[in-house]
Amino acid sequence: MNFPGMLKLLKEPLLHFLLIGVALFGVYSWMNHGAQSGTKALQVRISEGEVKWLKETWATQWQREPTREESRGLVAEFLKEELLAREAREMGLDQNDTYVRRRLAQKLEFLVQDASRLIEPTEDDLRKFYAAHWELFRDEAMVSFTQIYFSREHRDNIPAVRARLKANADPKELGDRLMLEPEYGDATPQTVAALFGDDFAAAVFALRPGAWHGPIKSGYGLHLVRVSEKKPPRQLEFAEVRAKVAERWRDQRQRETNEKYFARLLKKYDIVMDDSVKQLVGTLGEKEFVR
């Protein structure tokens with residue numbers, strides 16, 4: 001290329017752009033190399049306890065100890081997961097991610113709950129709880145009864161059936177067919193309500209034993225009902241329900257621990273809400289966060 005041609009090339013803006021880009025890339029590479037060479041590698045430590053946990057988890061699932069090769073695979077998979085998780089956090093991939101946020105919240109909530117359940121109640125704790133919440137430890141009222149069902153189309157048959165009952169006819173042979181039992185023994189209010197409805201259950205538990213009553217309405221139609229036995233609620237002795245008292249005590253202790261924990265969090269963080277959000281939720285306390 002002749003000299004005038006070289007001068008023309010040197011004046012081209014594209015050439016200037018390329019030369020500047022090469023220079024910037026070189027400076028960046030030099031600085032980045034220097035930074036990397038002077039920075040200590042980030043440490044990922046795999047402890048004996050973590051390997052033990054991996055093996056125990058494997059053994060629980062497969063009902064045998066992992067082989068040496070399987071153990072190597074478990075450690076390699078754990079290391080891969082740890083490296084990917086750390087790199088993802090380094091890149092900010094955990095930010096604004098609903099799934100990650102929920103998993104972290106659940107994990108911390110489980111830790112708080114587990115910590116509250118490590119505390120064992122004393123005998124005095126349980127007896128005080130039993131005395132303060134005696135209504136939780138009662139046998140429910142129960143009723144034993146026989147019912148004769150009539151569809152709405154056959155309600156006119158009720159007087160004739162009553163006459164046959166006075167003549168000692170078998171109740172099981174009277175009335176219309178229904179996909180429910182004619183007799184129930186020691187049924188609780190919840191059982192009767194689940195089968196026949198709340199109103200029917202309330203009416204049956206109010207009946208005097210011995211005579212036929214009705215018709216009583218249910219969701220199916222009409223019924224003649226005879227109560228053979230009623231058992232009132234019975235207060236259970238502490239010794240009978242000690243295990244249940246302990247479980248209830250732990251549940252309450254867990255709720256109290258959660259409330260205290262969230263009360264500390266609400267004091268630690270400054271909660272800022274838009275005006276529209278304030279109008280919607282008002283003031284939130286720790287109890288709103290405990291279920």
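Below, the figures for the structure above:
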{"read-out": "So Q147, is it touching a Ser or Thr at 6+ places or on another chain (Cβ under 9 Å), open to solvent by less than 60 Å² (accessible area, probe 1.4 Å) and under 30 Å from K260 (Cα atoms)", "value": "no"}
{"read-out": "Close pairs from segment 94-118: first of a type in the set (A, V, I, L, M), partner modelled with pLDDT under 80, Cβ under 6 Å, at least 6 apart", "value": "V100/D94; V112/Y261"}
{"read-out": "Residue check for A167: open to solvent by 70 Å² or more (accessible area, probe 1.4 Å), farther than 17 Å from S218 by Cα and aliphatic (A, V, I, L, M)", "value": "yes"}
{"read-out": "Members of segment 30-85 that are modelled with pLDDT of 85 or more, of a type in the set (S, T, N, Q) and surrounded by fewer than 11 Cβ atoms within 10 Å (Cβ to Cβ)", "value": "T60, Q61, Q63, T67"}
{"read-out": "Every pair of residues 6+ apart whose Cβ atoms lie under 8 Å, when the first sits in segment 32-54 and is closer than 21 Å to L84 by Cβ while the second is at pLDDT 80 or above and assigned to a helix (DSSP H, G or I)", "value": "I46/V75; V51/S71; V51/L74; V51/V75; L54/S71; L54/L74; L54/V75"}
{"read-out": "Looking only at segment 218-233, and only at residues there that are over 38 Å from the mean Cα position of the chain (by Cα) and not acidic (D, E), the one that is surrounded by the most Cβ atoms within 10 Å (Cβ to Cβ)", "value": "H223"}
{"read-out": "Those residues of segment 150-160 which are in contact (Cβ under 8 Å) with a residue 60 or more places away in the chain and either in contact with a helix residue (DSSP H, G or I) (Cβ under 9 Å, 6 or more places away or on another chain) or open to solvent by 90 Å² or more (accessible area, probe 1.4 Å) (or both), in sequence order", "value": "F150, R152, R155"}
{"read-out": "Segment 163-190 residues that are assigned to a strand (DSSP E or B), paired with ones that are open to solvent by 40 Å² or more (accessible area, probe 1.4 Å) (beta carbon under 6 Å, 6 or more apart)", "value": "D186/M142"}
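Results for (1) outside any helix (DSSP H, G or I); (2) over 30 Å from H154 (Cα atoms); (3) at pLDDT 85 or above; (4) in contact with a Ser or Thr (Cβ under 7 Å, 6 or more places away or on another chain), shown as yes or no for each residue.
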position: P215; (1), (2), (3), (4): yes, no, yes, no
position: R248; (1), (2), (3), (4): no, yes, yes, no
position: A263; (1), (2), (3), (4): no, yes, no, no
position: K267; (1), (2), (3), (4): no, yes, no, no
position: V277; (1), (2), (3), (4): no, yes, no, no
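The values are calculated or read from the model by the stated rules, or taken from the named source; none is laboratory data. As the structure is a prediction and not an experimental result, all values here were calculated from the model. Neighbour counts run over all protein chains shown; Cβ positions are idealised from the backbone, glycine included. Surface areas here come from the heavy atoms of the whole protein model, side chains and all, with no ligands, DNA or RNA. Shrake-Rupley method; radii C 1.70, N 1.55, O 1.52, S 1.80 Å.
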